[in-house]
Amino acid sequence: MVANIRVHLFVVFVLVVSLWLLVPTKYPIEELYSKDEYFEDMSIVYYDLGTLCMKRKDYKKAVKNFKTSINYFSQNIKAYRQLLACYRVLGKTKKADAVKTKIKDLEDALKTEQITQKLGVSR
């Protein structure tokens, strides 16, 4: 009797696993998220982590998180500004100057893009 129950449980287990492996997922990740949305969302997550680290005065971890945020979305000006603040607190003036230049370049590009859109000119 116990052997029969074990056999039946094993058969049910094999059937469930087989069905699970054969049935495709209903919502593949590509349908839920575009690649750009994913990268922007990940950028926000790491930006928030960096901000939290700054509040805890852990500037080295904050720098790491802001850099990761920028790697996911290179136009995240907020992350660059926070990174600049961290470098200033840490006394890394050369790195701070480089980030400041990058911020200015991004702001200029954003202004150019806004003007282009207002004029209706396509690139």
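The values are calculated or read from the model by the stated rules, or taken from the named source; none is laboratory data. Values in this document were obtained by computation on a predicted structure and should not be read as measured data. Quick reminder, even Gly has a Cβ in these numbers, built from the backbone with ideal geometry, and neighbours come from all protein chains shown. Keep in mind that these areas ignore ligands, DNA and RNA; they rest on the heavy atoms of the full protein, side chains included. Shrake-Rupley method; radii C 1.70, N 1.55, O 1.52, S 1.80 Å.
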### Task
Counting only heavy atoms of the protein chains, get the accessible area per residue of the stretch 66-112 (1.4 Å probe) and round it to a whole Å² value.
63 Å²
### Task
Extending each Cα 7 Å along its Cβ direction at Lys55 and Gln114, get the distance between those two points in nm, one decimal.
2.9 nm
### Gain in span if fully extended, Ile77 to Thr93, counting 0.36 nm per residue against the direct Cα distance
3.9 nm
### Task
For each pair in Lys94/Lys118; Lys35/Lys60; Lys61/Lys104; Lys55/Lys111; Lys35/Lys94, compute the distance between the two Cα atoms and list the pairs where it is over 26 Å.
Lys94/Lys118; Lys35/Lys60; Lys55/Lys111; Lys35/Lys94
### Query
Relative contact order for the stretch 29-123: what is it in percent, counting Cα pairs under 8 Å that are at least 6 residues apart?
20 percent
### Summary
Ranking Phe39, Leu106, Val63 by how far each Cα lies towards the positive end of the charge dipole of the stretch 30-123 (+1 on Lys and Arg Cβ, -1 on Asp and Glu Cβ), the top one is Val63
### Among 99-109, 44-54, the order from most to least packed when residues are scored by Cβ within 10 Å on average
44-54, 99-109
### Message
Rounded, prolate or oblate, given the Cα gyration tensor of the stretch 65-123, with a/c below 1.5 counting as rounded?
### Response
prolate
### Query
Among the trypsin sites (Lys or Arg not before Pro) within the stretch 40-73, which fall in a DSSP loop and have no more than 14 other Cβ atoms within 10 Å of their own Cβ?
Arg56, Lys57
